[in-house]
Amino acid sequence: MPLMDKPLEELRSYLPDREEPEDFDAFWNETLAEARRHDRPAVFTPYDACLTEVNVFDVSFPGFGGDPVAGWLLVPASATGPLPCVVGFLGYGGGRGFPYEWLTWPSAGYAHLLMDTRGQGGSLQPGATGDPHGSAGSSSPGMVTRGIQDPADYYYRRVFTDAVRAVDAARSHPSVDPERIVIAGGSQGGGIALAASALADGVTAALVDQPSLCHFRRALDVVEGNAYREIWTYLRTHRDSAEQVFRTLSYFDGVNFAARAHVPALFSVALMDDICPPSTVFAAYNHWAGPRSIRVWPWNRHEGGGYFQDLEQLRFLRALRSDGPTGLDNGPLHTA
């Protein structure tokens, strides 16, 4: 497959205007204030995952509307004090799966909270979180157009709120240092990570791989795959709804969240990605308000760097942490 977007030299300087509603901040402040009124504490139930070096907890915490959201918390069994925690978000269609699928971060000395994505888990790993909210009007198959006519009713308002509450849940556990939270995700999870990086408290770094839910108009101009196909299908049928749809999406655009995120970030992008086109990734990356770097994978599609990118992330976080002989020190994250 040939390169399907702008040349790399153009991507590196690609800084499109942001399409942002005037009440963007008020919308999210009110949304999160309402969610935090459901102040039921997170529940961490010990779970026998047949692992000897990692303690596993089955997590339930109140998300949007107080709805129960599931997750896993994995903590190195050898930990002697509060650890930095990587809060992870999943790609489209994936659920939390099984604890032994998520051993990289605890093996490197981090706690790891993985959030289940409400209403998903039917096409990749199994999930455990429903979405009890109906959405007014019609939608195309999948989740991406549910409630797309109204920002207050849109599916990703619930998901992004869940993500912030996942960070709140992680910070409440005694094994986690509440001031050393790393946000991580790829594809849909990357889009969620962009939102959480801007909206959640205690975040000190972000790992964002080929994020979706960014620069929607450009994405729909370039590709028709996966989540963007659902929007295209919806607009093909609802011919008179385009401007309202894009107005809704502007409240959830990763580019707008990137402009509000000030922590160090490591991005990755694949130049042959026909699911999350490179120009949409660079749009978010170039608007990121904090220190940033990006790993470019020229020959890859949506799989991106895969395990090679995992190593890049481990090195990135090691460079941000204070020196310590075991990787479990209590020093702050800082720019290298």
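The values are calculated or read from the model by the stated rules, or taken from the named source; none is laboratory data. Keep in mind the model is a prediction, meaning the values are calculated, not measured. Glycine also receives a Cβ, built like all others from the backbone with ideal geometry; neighbour counts cover every protein chain displayed. Ligands, DNA and RNA are stripped out before the accessible areas are found, and what is left, the full protein with its side chains, is counted by its heavy atoms. Shrake-Rupley method; radii C 1.70, N 1.55, O 1.52, S 1.80 Å.
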- [ ] Round to the nearest 10 and report in Å² the accessible area of residue 50, as given by a 1.4 Å probe over the protein chains' heavy atoms.
- [x] 120 Å²
Task: the chain: calculated mean residue ellipticity at 222 nm from DSSP helix runs of at least 4, using -39500 (n - 2.57) - done: -9500 deg cm²/dmol
TODO: Take 146, 247 and sort them by solvent-accessible surface of the protein heavy atoms, 1.4 Å probe, largest at the top.
DONE: 247, 146
Task: Linear extension gain, residue 221 paired with residue 45, 0.36 nm per residue minus alpha-carbon span - done: 58.8 nm
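Considering only protein heavy atoms, what per residue accessible area in square angstrom results for region 1-121 with a 1.4 angstrom probe? Don't skip to the end; give the middle numbers.
Values: 5650 Å² over 121 residues.
That works out to 47 Å² per residue.
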Task: Fully extended contour minus Cα-Cα distance, from residue 237 to residue 15, at 0.36 nm per residue - done: 76.8 nm
Open item on the list: Going by amide H atoms built from the backbone, whose H comes under 5 Å of the H on residue 72, apart from near neighbours?
Closed with: 59, 114, 116
Task: Förster-model FRET efficiency, 25 Å R0, residue 78 and residue 201, C-beta, rounded to 0.05 - done: 0.35
- [ ] Please name which of 184, 298, 117 has its Cα lying farthest along the dipole of the chain towards the positive end, using unit charges on Cβ (Lys, Arg +1; Asp, Glu -1) and the Cα centre as origin.
- [x] 298
Open item on the list: Quick check for me: using +1 on Lys/Arg Cβ and -1 on Asp/Glu Cβ, what's the dipole size of the chain about its Cα centre, in debye to the nearest 20?
Closed with: 200 debye
Task: Accessible area per residue in Å² at 1.4 Å probe, computed on region 186-249 - done: 34 Å²
- [ ] Can you tell me which of 63-72, 301-310 comes out highest on packing, and rank the rest after it, using the mean Cβ neighbours within 10 Å?
- [x] 63-72, 301-310
- [ ] Set the Förster radius R0 to 30 Å, insert the Cβ-Cβ distance between residue 179 and residue 307 as r into 1/(1 + (r/R0)^6), and round the FRET efficiency to 0.05.
- [x] 0.50
TODO: Give the carbon-plus-sulfur fraction of the accessible surface of region 222-265 in %, rounded to a whole number; probe 1.4 Å, heavy atoms of protein chains only.
DONE: 48 percent
Task: Surface share of carbon and sulfur [accessible, 1.4 angstrom probe, percent] for region 1-90 - done: 51 percent
Open item on the list: Please report the antiparallel percentage of the DSSP beta bridges confined to the chain, to the nearest 5.
Closed with: 40 percent
- [ ] Can you tell me which of 19-31, 248-260 comes out highest on packing, and rank the rest after it, using the mean Cβ neighbours within 10 Å?
- [x] 248-260, 19-31
